[in-house]
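**Q** Let me give you the structure first, and then I'll get to my questions.
Derivation of every value follows stated rules applied to the coordinates shown; laboratory data play no part. Bear in mind that the values here come from a model prediction, so they are computed numbers and not experimental data. Note that each Cβ is placed from the backbone with ideal geometry, even for glycine, and that neighbours are counted across all protein chains shown.
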Amino acid sequence: MTDPRMEDHAVGVELQLTELVEKRERALVQGRTDRAEELTAEIEVLQTELAATAERIAGEHFEVPEIEREEM
């Protein structure tokens, strides 16, 4: 089992990445290369964060708790 909060964080970062990539594409189409470069820098930061989060998720495992049965 992994911490679902980390998985939620990864999904949030992926959504942010998607939005920034779309903004960068629009900037390139509009000829705004300066804005596209700014967005590329932001994208790289989020990609690094996503990779670090994925590493944490991959290495994070909690043991399944044992539930003791009540004797009757």
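**Q** Less than 15 Å Cβ to Cβ from GLU7, Lys/Arg counted +1 and Asp/Glu -1: what total charge do the surrounding residues give?
**A** -4
**Q** If each Cα of the chain is one equal point scatterer, what is log10 of I(q)/I(0) from the Debye formula at q = 0.15, 0.18 Å⁻¹?
**A** Once normalised to I(0) and log-transformed, intensities are -0.62, -0.75.
**Q** Could you work out the helix-only [θ] at 222 nm for the chain, with each DSSP H run of four or more residues adding -39,500 (n - 2.57) and the total divided by the number of residues, to the nearest 500 deg cm²/dmol?
**A** My calculation for the chain gives -26500 deg cm²/dmol from helical runs alone.
**Q** Which whole-number percentage describes the relative contact order of the chain, with Cα contacts under 8 Å and a sequence gap of 6 or more?
**A** 48
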